[in-house]
1. Given a 1.4 angstrom probe, what's the average accessible area per residue across region 17-71, in square angstrom?
2. In nm, give the distance between the simple-model label positions of Q47 and M1, each being 7 Å from the Cα along the Cα-to-Cβ direction.
3. In whole Hz and in residue order, list the ³J(HN,Hα) couplings for region 54-66 that follow from phi through the Karplus curve 6.51 cos²θ - 1.76 cosθ + 1.60, θ = phi - 60°; x for Gly and Pro.
4. Give the relative contact order (percent, whole number) for region 8-71; include only Cα pairs under 8 Å separated by 6+ residues.
5. Looking at L35, A65, A24, which one has the Cα that reaches farthest to the positive end of the dipole of the chain (charges on Cβ: Lys, Arg +1; Asp, Glu -1)?
6. About its Cα centre, how strong a charge dipole does the chain have in debye, to the nearest 20, once Lys and Arg get +1 and Asp and Glu get -1 at the Cβ?
7. For the chain, what does -39500 (n - 2.57) per DSSP helix run (n ≥ 4), summed and divided by total residues, give at 222 nm, in deg cm²/dmol to the nearest 500?
8. Roughly speaking, what is the stretch gain from A65 to E32, that is 0.36 nm per residue apart minus the C-alpha to C-alpha distance, in nm to one decimal?
Amino acid sequence: MTEEELKKLEKDVKKTKRLASEQAMELHDLIEDRLPDAYAELMGIAQATFDACKAWDEANKKFMAASGGAS
């Protein structure tokens with residue numbers, strides 16, 4: 001794998017981590033500030049948070065495998 005390809009994978013990890021963090025903040029805000037009134041939003045936000053975290057995990061595993069475990 002070329003250095004350029006590794007950098008792209010690393011960039012993908014950083015992007016997906018940022019998106020997962022943003023989604024986690026949205027879930028936190030819902031729990032802290034809007035429940036129980038906004039309970040109908042809970043499943044959608046929780047699923048979006050799960051999906052974002054899973055995307056980060058997959059990107060991270062791909063990067064770690066390609067880079068031999070070095071970060």
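The values are calculated or read from the model by the stated rules, or taken from the named source; none is laboratory data. Nothing here was measured: the structure is a model prediction, and the numbers come from that model. Positions of Cβ are backbone-derived with ideal geometry, glycine not excepted, and every protein chain shown enters the neighbour counts. Surface accessibility is based on the protein's heavy atoms, side chains included, excluding ligands, DNA and RNA. Shrake-Rupley method; radii C 1.70, N 1.55, O 1.52, S 1.80 Å.
1. Working: 3970 Å² over 55 residues.
With the other protein chains kept in place, region 17-71 gives 72 Å² per residue.
2. With each label placed 7 Å out from Cα toward Cβ, I get 3.1 nm.
3. 5, 4, 5, 4, 5, 5, 5, 4, 4, 5, 4, 5, 6
4. Values: 37 pairs, mean separation 32.0, N = 64.
The normalised contact order for region 8-71 reaches 50 percent.
5. My answer, from the dipole projection, is A65.
6. Details: 11 positive and 15 negative charges, 83 e Å.
Result for the chain is approximately 400 debye, rounded to the nearest 20.
7. On the way: 2 runs with 53 residues, N = 71.
That comes out to -26500 deg cm²/dmol.
8. Numbers: separation 33, 0.36 × 33 = 11.88 nm, distance 3.73 nm.
Extra length available between A65 and E32 comes to 8.2 nm.
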